[in-house]
Amino acid sequence: MKKRNHASTTAKSNKRPREEEQATDAPQYGSKEYWEARYKSHLPDADVQQVSRQSDDAVGTTNTGNQEEKYVLDGVELSKEATNPFHAWYFTYDELRPLILPLIFGGDGDEDVEDEYDDNDDDDDGDSWVEEEEIVVEEEEEENDLEGKNDDEIVGKDENHDEEGESELSIAPISPQDTPKKILEVGCGDVPLGAELALDILNMSKETGTAANLVVNEISCIDYSEIVVKTLIEKQKKESNDSSSMLQVSFDALDARDLPYAANTYDLVLEKGTLDAMLSDQKEGIHNCIQIVKEMARVTNDGGSILIVSHLNANEAKGMGWLEDVVFNGLKEEFKERHDTMAKQPKANSESSTIEADNKKEYVWSVEVHGGEGRVAKGNNDEDEINIGPAVYILRKKSVPATIARELYSKKKDNVKDVGESDSGGDDDQYEMTMPPVKLQFLCYD
């Protein structure tokens, strides 16, 4: 695997949400009623009514054979695909595995964040809070876009080899002081990544003799459909051969916009397709997505990560707009909410408050965009079109000392009004209300 660092550029993030870009005929993926009906249609006793309607490409023609199969349950219209259970959105766990496992066992991206931001001190662009960099990953043997990382580097190399000579993945050596990881999956649906991850870790545990709960001691999968959560719990009971397993996945019906967990609880948060589904709500979609990102950022632990899978790829304009309007604004909302809470706390005397401020830490984020730049494919009119495909985003949360954080804030003072600060207040208020820059990297797989 080779990496090439390209010249850094600067991107701005002060645009308004692109509500006008949402399709007027988008399905109701953003409503709880839709998902309850969808998952209810998978039950054996569901009273699903089949209807037919003319497909869009048959409108205005005399062809009556172009009928789409549609179904209705509890007043919600469903496609034929929606009534089929266990539909895996975007990538499967096996395809995402080379990106998920390094976030648990360690790997690329563990650089010293203080040195990283010290290197950027010469950036005097006060209007930007996004620093963009492109990295190209050249793959000589791997064909799958998401399998370009060296698995031996990810989780350690098993000395046993299969007949083809390829090394097996295994759990890397664990020292006693290592803290087991806690993992949360938001909007798990009926094909939860968390369940397959747990099975993967249990299998590696058997091979290496390392107890699974020394690696991961909690995997929580949540969805706001009570029906799918109940289905997953019943499925787990039927399939579980060992109820005393050291790694049991928990399933809960919760609203991702208002998580009940404390801040800095989870080391890894997984989200695949939930933001895309919520975005289809034309009235509240963007706001709901920002709230979900804010909550995921809040519960992510210092040093932890968020993995997001979306069909909106930042390698094209629409995807970059989504990244700015939803993801970056979600991080900003978490920052503002946390600092608003801190501001309401009673202030100590000036001397002690200065010492306390110096001892505090601030969180900074970096965002990696994993995906190809697109492949040429034949379009509807037999013309060449670039198919970008979905992308995987890895958001890393790390803390820096308050002294470094204040240096970052001081560069952004001219942009305070962009994040809602009034003209009143001193420099300390400006520092508190201005978010540090986010480092943005594009990792493109050739």
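A few remarks follow.
- You will find that of K283, K294, the residue that is open to solvent by 10 Å² or more (accessible area, probe 1.4 Å) and in contact (Cβ under 8 Å) with a residue 12 or more places away in the chain is K294 and no other.
- Matching residues in the range 251-273 - criterion: being within 17 Å of the chain's Cα centre (by Cα) and aromatic (F, W, Y): Y266
- Selection within the range 262-280 - surrounded by 19 or more Cβ atoms within 10 Å (Cβ to Cβ) and within 24 Å of I104 (Cα to Cα): Y266, D267, L268, V269, L270, E271, K272, G273, T274, L275
- Summed over the range 217-229, residues that are crowded, with 23+ Cβ neighbours inside 10 Å and under 16 Å from F105 (Cα atoms) total 1.
- Once the range 269-323 is narrowed to residues that are modelled with pLDDT under 95 and acidic (D, E), the residue that is nearest to E33 (Cα to Cα) is D281.
- Pairs, first at positive phi in the range 300-312, second surrounded by fewer than 23 Cβ atoms within 10 Å (Cβ to Cβ) and among the small types (G, A, S), C-beta under 9 Å, six or more apart: G303/S399
- One residue from M278, M342 being more than 18 Å from G371 (Cα to Cα), in contact (Cβ under 8 Å) with a residue 12 or more places away in the chain and more than 17 Å from the chain's Cα centre (by Cα): M342
- Members of the range 182-204 that are in contact with a helix residue (DSSP H, G or I) (Cβ under 6 Å, 6 or more places away or on another chain), part of a helix (DSSP H, G or I) and within 17 Å of L232 (Cα to Cα): L193, E196
- Members of the range 205-259 found to be touching a helix residue (DSSP H, G or I) at 6+ places or on another chain (Cβ under 7 Å) and more than 25 Å from G187 (Cβ to Cβ), listed by number: S205, A211, M246
- Qualifying residue in the range 228-242 (condition: over 22 Å from T92 (Cβ atoms) and in contact (Cβ under 8 Å) with a residue 24 or more places away in the chain): no
The values are calculated or read from the model by the stated rules, or taken from the named source; none is laboratory data. Just so we're clear, the structure is a prediction, and the values are computed from it rather than from any experiment. Every residue, glycine as well, gets a Cβ built from its backbone with ideal geometry; the counts of neighbours run over all protein chains shown. Accessible surface areas use protein heavy atoms only, side chains included; no ligands, DNA or RNA. Shrake-Rupley method; radii C 1.70, N 1.55, O 1.52, S 1.80 Å.
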